[in-house]
Amino acid sequence: MTISIGQELESDFHNPLGLLSDCHRRIERFLSCLITISEEAHGGELNDTLRQQLETALRYFREAAPKHTFDEEESLFPRLKARKDYESEAIFTLLDRLHVDHTEADKQHRRVDELGCKWRAEKRLSPDDAGQLLELLRALGTTYERHIAVEENEVFPLAGRVLGLYELETIGQEMAARRGLVIQK
């Protein structure tokens, strides 16, 4: 399973909702990679390929995934909360729950990163650490499965209906800026 950070995108910043969905696919792939490595290696010494995959996945969750969270928390969610129509107000509770998911996932990812870095540095994990790592990754998998379904089946379709073209363009520009990019109109 070769996955790289920065691989070609299916959507671009002109389609920020599509880009957010693309990011969900990367989250799922990188998390699946970490789970597979953890299940197969049980904290044991990794060959070069698995070590590189571990490093790439950890780096993705350390560097790229937080930008996705900011895209939602700082660009998309506030615009939905600013809407004053019934359809948007009905989703406020979901947005609050998604915020809690983001906060909890961030804590879990920090611990996963600590354990993953320890694994790389020491070449092995104790059985307790290996078990904790796998437990954290599986919990993240459960959280993401539910979280992504809510966003893609409820939040993103709503955003596509209630946000205007200018708001969506602005979200795309903010997303690009978080990555040090400027998009052409």
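Tell me the angle of helix 127-150 to the major Cα principal axis of the chain, expressed in degrees between 0 and 90 and rounded to the nearest ten.
20
Can you compute the charge dipole magnitude of the chain about its Cα centre, using +1 on each Lys and Arg Cβ and -1 on each Asp and Glu Cβ, nothing else charged? Give it in debye, rounded to the nearest 20.
340
Once Lys and Arg get +1 and Asp and Glu get -1 on their Cβ, which of 47, 130, 69 lies farthest toward the positive end of the dipole of region 16-177?
My answer, from the dipole projection, is 47.
Between residue 150 and residue 183, what FRET efficiency comes out of the Förster formula 1/(1 + (r/R0)^6) with R0 = 35 Å and r the beta carbon distance, rounded to 0.05?
Computed FRET efficiency for residue 183 and residue 150: 0.80.
Rounded to the nearest 500, what is the chain's calculated 222 nm mean residue ellipticity when only DSSP H runs of at least 4 contribute -39500 (n - 2.57) each, over all residues?
Helix contribution divided over all residues of the chain: -23000 deg cm²/dmol.
Once both axes come from the Cα atoms, what is the angle between helix 48-59 and the longest principal axis of the chain, in degrees from 0 to 90, rounded to 10?
For helix 48-59, the angle is close to 40 degrees.
Name the residue, out of 85, 12, 71, whose mean-square fluctuation peaks in a Gaussian network model built on the chain with Cα pairs under 10 Å.
Per the Cα network of the chain with a 10 Å cutoff, 85 tops the list.
Helix 16-41 versus the longest principal axis of the chain: what angle, 0 to 90°, nearest 10, using Cα atoms?
With both axes taken from Cα atoms, the answer is about 10 degrees.
Taking R0 as 30 Å, what FRET efficiency do you get between residue 128 and residue 63 from their Cβ-Cβ distance, rounded to the nearest 0.05?
0.60
Taking neighbour Cβ counts within 10 Å as the exposure measure, how do 35, 183, 171 sort from fewest upward?
In order of increasing Cβ crowding within 10 Å: 183, 35, 171.
Rule-based calculations on the coordinates, nothing more; no lab input. Remember, predicted model here, so these are calculated numbers, not experimental data. Positions of Cβ are backbone-derived with ideal geometry, glycine not excepted, and every protein chain shown enters the neighbour counts.
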